[in-house]
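To keep things clear, I will list the structure first and then write my remarks on it.
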Amino acid sequence: YVRIFQNVDLSSNFYFSYSYDLSHSLQYNMTLLQMPCDTGESDELNTSGRQDSFDIFEEEGLPTQVFHSLNNEPYAKYVWNVRLLEKVKDIIHPDWLLYIIHGFCGQSKLLIYGRPVYVTLIARRSSRFAGTRFLKRGANCEGDVANEVETEQIIHDASVMSLTAGSSSSCVQVRGSVPLHWSQDISTMMPKPPIRLDQADPYAHIAALHFDQMLQRFGSPIIILNLVKKREKRKHEKILSEEFYPAITNLNQFLPPEHGIEYIAWDMARYTKSKLCNVLDRLSMIAESVVKRTGFFVNRPDFYCHTLRPDERWGDLGGKVTPNGRLQTGVLRTNCVDCLDRTNTAQFMVGKCALAYQLYALGMIDKPKLQFDTDCVRLFEELYEDHGDTLSLQYGGSQLVHRVKTYRKIAPWTQHSKDIMQTLSRYYSNAFSDADRQDAINLFLQVFQPSESKPHLWELPTDFYLHHSDTMILPHQRHSYTHWWTDGVLTFLPLPYDEGQCEKNRRKVKVKRVNRYDESIDIYTEFFKPYELTSFDDTFSIAMTNSAREFMPKTVGLDPSPFTVRKPDESAKSVLGKSSKEEAVLQRKTAASAPPPPSEEQISSSSEDDSEEDREDDGTASQRSTPIKLAEPSDSIRTHEDQPQQRLPPVRETYGLNLLADPPDEDILIYHRFAHLGQNQHKVERRDDTKKQDAVISL
């Protein structure tokens, strides 16, 4: 048992904080400070934080400075050692209790003309119904789903360190398995085992328990983005959608219409195979509508410049506006089958849209919109890929297979071999090592407690009965099928019930009297420690990813802004010694806008699974993020602005290329594209005729 317990590596992906509650969001922790509490019933003065009982005001006869602080209970769902601490919680001092979360924490510094902005990503993995990929699917009898992760992105203006005087913003989104009783049998050793529904749930009882938890924590609206496939030759993922949508419809008929659960179904895999549309453009449209519905948290009121120069997108923003800022109401819940690759890309696009609004709310940019291939978005994309890789390793056993670059169709050709290796690694982990990892998780979370009268953990044929309590003991009271939410939840909507000022929430908060120089109160004493010998490397986080150091080119020329579009292959590590004239030409080039999404008929006709046409097109697929529109046969020349460093799409008809971006005194690059034995080849030819503006390219 000791060996199994030690299989949980506490040195990897477990996080704690002495002075901040990581189990709650920034909005909850900041809202808690505004809750009225009675300071008369506070605990005794805590002097443990004083530096060797030294008071700088003692010689002058001044009294010790005392502050009142709040001590609240953590959210047990995201605390992984809450059951391990239950037996000692009542007999030791609360300062000895250290709650840990499991998931991912990443932080990067965005420099905007020297002004530091910290971009922090915190992912909290649920400790209920936790486990590995094929062993934990769907939901248990209490409404807890597998692979449930709450992701919060926090934007903080680091030029002001104080939380009360500084500016900060946060946005929360959730991923999790489809809340149904379903599983996959891995005994057949298939790469994709068939999905089966274990129990019928005609009244959506399990989904009701799950969304009741979400209404209490996030408020309304709850927006579901379902990314599973809708059209398949052999029914596989479609089984989940056919059960999930009727469950949402059944629950919505009892909720008030203004607080109903919103359902968005989009077959992301089929759109990826289609050559007529851009996946990320469609995701950005969904992200824009979601952020406008839920809003985000800001701890400061709007700037006056937003009133002087109003933006139409900012005026339609949702959430709740307060005198002190804005509150997020509701949340986006994204899911596919595994909640790994497709889900992470969708969450990145929502986070990118929210990042633009957050920077606009903090006064960093003049319009709430960010473009790809900027230093800011590259930094944010790398942060989200680390986030996705970490969560994928914890649940699936390998890193991400499909990344953001894969869906942008700009991934290098070497990425295909890496994807194959990740797929094999995931298959090996699921087949051979997931059972041992599941036993370690069950023992660490105290789902299984060893006893002499019970069989050992490794003797159990399944852990189904450990995670489904109703299979062993009948529930005392059954949940209502119509009044499926907790009493009092509707009175606070659209705000979350957990943040409301009610008697139940006040009992979770205790007022504590602390010394002014306690490390949990005085941020200067905590970081700089004036009574201890410290070093520069330990005081400052110099290893943090920096946008100016890692992503900004060495020769930026005219504009060092992190919001300027760079060349796709340009970064601080790859570009050295370019002339300032070429940099100026580069900065004048803008990314081409994508065409509007085609109709469903066009997509379905062009994206049939495993067709011969798809196999031919995959070999000659374009590496651009935006498709180029080909000319009609009657047109001999078609003007189109393009960047010379990008590859062109497969050519089937005569079309033209406009090189207006080149200055008149420089040579013109002519691209010849021709077909030879079924393979596309390129040849670059330099012409001395500088008056020629258009180059006709023929097959």
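For segment 300-341, the set of residues classified as over 25 Å from residue 148 (Cα atoms) and among the hydroxyl-bearing types (Ser, Thr, Tyr) consists of 304, 307, 322, listed by residue number. Can you find even one residue in segment 196-205 that is more than 20 Å from the chain's Cα centre (by Cα) and assigned to a helix (DSSP H, G or I)? Yes: segment 196-205 contains one or more residues that are more than 20 Å from the chain's Cα centre (by Cα) and assigned to a helix (DSSP H, G or I). Among the residues of segment 492-499, is there at least one that is open to solvent by 60 Å² or more (accessible area, probe 1.4 Å) and out of contact with any Gly (no Cβ under 7 Å at 6 or more places or on another chain)? No, there is no match, as no residue in segment 492-499 is open to solvent by 60 Å² or more (accessible area, probe 1.4 Å) and out of contact with any Gly (no Cβ under 7 Å at 6 or more places or on another chain). Here is the figure for segment 1-21: residues that are more than 19 Å from residue 126 (Cβ to Cβ), among the hydrophobic types (A, V, I, L, M, F, W, C) and open to solvent by less than 90 Å² (accessible area, probe 1.4 Å) total 2. The residues listed here are 325, 351; of these, the one that is small (Gly, Ala, Ser), open to solvent by less than 20 Å² (accessible area, probe 1.4 Å), more than 22 Å from residue 282 (Cβ to Cβ) and in contact with a helix residue (DSSP H, G or I) (Cβ under 9 Å, 6 or more places away or on another chain) is 325. Among residues of segment 209-250 being touching a helix residue (DSSP H, G or I) at 6+ places or on another chain (Cβ under 6 Å) and part of a helix (DSSP H, G or I), the one that is nearest to residue 149 (Cα to Cα) is 217. Among (1) surrounded by 11 or more Cβ atoms within 10 Å (Cβ to Cβ); (2) under 30 Å from residue 382 (Cβ atoms); (3) at pLDDT below 80; (4) of a type outside the set (A, V, I, L, M, F, W, C), there is one condition residue 518 misses while meeting the rest; what is its number? With (1) surrounded by 11 or more Cβ atoms within 10 Å (Cβ to Cβ); (2) under 30 Å from residue 382 (Cβ atoms); (3) at pLDDT below 80; (4) of a type outside the set (A, V, I, L, M, F, W, C) applied to residue 518, the lone miss is (2).
I'd like to check something: does segment 304-314 contain any residue that is in a helix (DSSP H, G or I), closer than 25 Å to residue 192 by Cβ and open to solvent by 60 Å² or more (accessible area, probe 1.4 Å)? No, segment 304-314 contains no residue that is in a helix (DSSP H, G or I), closer than 25 Å to residue 192 by Cβ and open to solvent by 60 Å² or more (accessible area, probe 1.4 Å). What single numbered condition from (1) among the hydrophobic types (A, V, I, L, M, F, W, C); (2) closer than 26 Å to residue 213 by Cβ; (3) open to solvent by 30 Å² or more (accessible area, probe 1.4 Å); (4) modelled with pLDDT of 80 or more fails to hold for residue 474? Going through the list (1) among the hydrophobic types (A, V, I, L, M, F, W, C); (2) closer than 26 Å to residue 213 by Cβ; (3) open to solvent by 30 Å² or more (accessible area, probe 1.4 Å); (4) modelled with pLDDT of 80 or more, residue 474 breaks only (4). Here is the figure for segment 361-379: residues that are among the hydrophobic types (A, V, I, L, M, F, W, C), over 15 Å from residue 110 (Cα atoms) and surrounded by 20 or more Cβ atoms within 10 Å (Cβ to Cβ) total 1. Only residues that are small (Gly, Ala, Ser) and open to solvent by 20 Å² or more (accessible area, probe 1.4 Å) were counted across segment 90-125, and they come to 1.
The values are calculated or read from the model by the stated rules, or taken from the named source; none is laboratory data. Here the structure is a predicted model, which is why all the values come from computation and not from measurement. For neighbour counting, all protein chains shown are included, and Cβ atoms are generated from backbone atoms with ideal geometry for every residue, glycine included. Only protein heavy atoms, including side chains, enter the accessible area calculation; ligands, DNA and RNA are left aside. Shrake-Rupley method; radii C 1.70, N 1.55, O 1.52, S 1.80 Å.
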